[in-house]
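A short worksheet on the structure shown next.
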Amino acid sequence: MKTIILLFIFTLLSATEVLAKQNHICKAREFTSCRFEYALICPNGYIDGCMTGETTKHQCVMKEEGPACEFEIAILCPEHFRDGCEIGATDTHQCVPVPGPSCAINTRWTCPSGFIDGCKL
């Protein structure tokens, strides 16, 4: 019994440590298999990976069809996303998720349709 309690405490502390090292970030959520029809709504600049053959499950993936970063434009991104050109994440103007505060901080982190807070995975 004592071993079980110690194992439980160790597991709890390990999970808390991992959680403390992670940040809130919007991650593409996987849905049902591509074999099944599913109306996945993705934010602007993203498309269902089943339509492009990039995924085996319905999941939002970047379209990568924005103008090159050499062209200075302003794009409107959903909350918790930024232009990949601004942060050096992409070669084209695309909205990409950006990390927020630590998962250890219990804050509400809302993501657009097709995405989920990485802390809740």
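The values are calculated or read from the model by the stated rules, or taken from the named source; none is laboratory data. Because the structure is a prediction, the values reported are computed rather than measured. Heads up, the Cβs are rebuilt from the backbone with ideal geometry, glycines too, and the neighbour counts pull from every protein chain shown. Ligands, DNA and RNA are excluded from the accessible area calculation, which covers all protein heavy atoms including side chains. Shrake-Rupley method; radii C 1.70, N 1.55, O 1.52, S 1.80 Å.
Once the Cβ-Cβ distance of R108 and T56 is raised to the sixth power relative to R0 = 35 Å, the FRET efficiency obtained is 0.65.
Put simply, the convex hull of the Cα atoms in the range 14-121 casts, on average, a shadow of 7.7 nm².
For the range 52-108, applying the loop criterion from DSSP together with a ceiling of 16 other beta carbons within 10 Å to the GluC sites (Glu not before Pro) yields E54, E64, E65, E70, E72, E79.
Of the whole protein surface, Y46 contributes about 20 Å² of accessible area at a 1.4 Å probe radius. Computing FRET efficiency as 1/(1 + (r/R0)^6) for S33 and L76, where r is the C-beta to C-beta distance and R0 is 25 Å, gives about 0.15.
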